[in-house]
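What follows is a short report on a single structure.
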Amino acid sequence: MRILLFGPPGVGKGTQAQLLFEKYDMVRLSSGDLLREEVSLSSPTGKKVEQFLKKGHLVPDDIMYELVDDFLLENKDRDILFDGFPRNITQARSLEKSLAQLGQTIDIAFEMYLDEDEIIKRLMDRRYCPKCGRIYNSTTNPPKNDGLCDSDRTKLSKRDDDTAEIIKRRLKIYEDETLPLVKYYKSLSVYRRIDAKENRQEVLRQISEAVNGYLNSKCRSN
Ligand code: AP5
Ligand code: MG
């Protein structure tokens, strides 16, 4: 099974990816996390992408393909959850091609949607653990101990791109570059729309319902 989550910054993709990963036996490709890890390691790729991340611009497609194709090969026998990839039509076509070479396709593409005021609120209050990547929110999902990760007690951070100016830019880029994926995945008959304004568990329930429906229909047809 290959599932993807797309939606504007702050809609809750990473949060749901974490919950789905815990619920289903899947591996997760979170392109933003992958890129931030390269930056924190100061790898050659990290050095190339750092400025794109800081400014909220998309990283060039060829750099993304390298990271993603390696991941697909390493995990060709696993169910995969994509969070944040693809980000434009060119990436979507490339992903389809790479999967086809492995005899695979995208089974469900979830678009998560939320209004802009709520997005900005969620991002301004977001904190994350730089060690394990766990996502928190100082208002809606605070850690048990003030400022420390529940799982490894690392001091929580704010992402460099969570500033009012960069959030605005990321939202604009989402509208221009990523939103056309709606039409693309509708044309492949794998598109589902998820209302992300509910609490985490309710959003998870909506997504899981669609995933379970897909798995049941696959069982029946086998
Ligand atoms: P990426 O890391 O993917 O950032 P993004 O798409 O901007 O999305 P975010 O991670 O900001 O938000 P999210 O939807 O994951 O929300 P979260 O769950 O954290 O990408 C970063 C950068 O990398 C890009 O700008 C680009 O430069 C580059 N990049 C990445 N992929 C690329 C690609 N394919 N091609 C080129 N460049 C690429 O939740 C947000 C907050 O809300 C948290 O505080 C959370 O606790 C809270 N929250 C979540 N759900 C709920 C809920 N239901 N109710 C209340 N609060 C909630
Ligand atoms: Mg994320």
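Among the listed residues 55, 13, 97, which satisfies the condition of being surrounded by 21 or more Cβ atoms within 10 Å (Cβ to Cβ) and among the basic types (Lys, Arg)?
That would be 13, the only listed residue that is surrounded by 21 or more Cβ atoms within 10 Å (Cβ to Cβ) and among the basic types (Lys, Arg).
Does region 107-135 hold any residues that are without any contact (Cβ under 8 Å) to a residue 40 or more places away in the chain and surrounded by fewer than 20 Cβ atoms within 10 Å (Cβ to Cβ), and which are they? Before you say what the answer is, go through the steps one by one.
First, the residues of region 107-135 that are without any contact (Cβ under 8 Å) to a residue 40 or more places away in the chain: 117, 121, 125, 127-129, 131-132.
117, 121, 125, 131, 132 - these are the residues of region 107-135 that are without any contact (Cβ under 8 Å) to a residue 40 or more places away in the chain and surrounded by fewer than 20 Cβ atoms within 10 Å (Cβ to Cβ).
When the residues of region 6-27 are filtered to those that are within 8 Å of ligand 1 (Cβ to nearest atom) and of a type in the set (A, V, I, L, M), which remaining residue is nearest to residue 109 (Cα to Cα)?
Here the residue is 17.
Yes or no, residue by residue, for (1) over 26 Å from residue 167 (Cα atoms); (2) within 16 Å of ligand 2 (Cβ to nearest atom); (3) over 17 Å from the mean Cα position of the chain (by Cα):
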residue: 30; (1), (2), (3): no, yes, no
residue: 41; (1), (2), (3): no, no, yes
residue: 50; (1), (2), (3): no, no, yes
residue: 53; (1), (2), (3): no, yes, no
residue: 66; (1), (2), (3): yes, no, yes
residue: 79; (1), (2), (3): yes, no, no
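Filter region 30-55 down to the residues that are more than 10 Å from ligand 1 (Cβ to nearest atom) and closer than 21 Å to residue 12 by Cα and list them by number.
If the condition is that a residue be more than 10 Å from ligand 1 (Cβ to nearest atom) and closer than 21 Å to residue 12 by Cα, then 37 is the only one that fits.
Which condition breaks for residue 190 when tested against (1) open to solvent by 60 Å² or more (accessible area, probe 1.4 Å); (2) under 23 Å from residue 18 (Cα atoms); (3) not aromatic (Phe, Trp, Tyr)?
(1)
Can you tell me which residues in region 154-180 are open to solvent by less than 40 Å² (accessible area, probe 1.4 Å), over 29 Å from residue 191 (Cα atoms) and among the aliphatic types (A, V, I, L, M)?
156
The values are calculated or read from the model by the stated rules, or taken from the named source; none is laboratory data. In this text, all values refer to a predicted model and were calculated from it rather than measured experimentally. Cβ: placed from backbone, ideal geometry, glycine included. Neighbour counts: every protein chain shown. Only protein heavy atoms, including side chains, enter the accessible area calculation; ligands, DNA and RNA are left aside. Shrake-Rupley method; radii C 1.70, N 1.55, O 1.52, S 1.80 Å.
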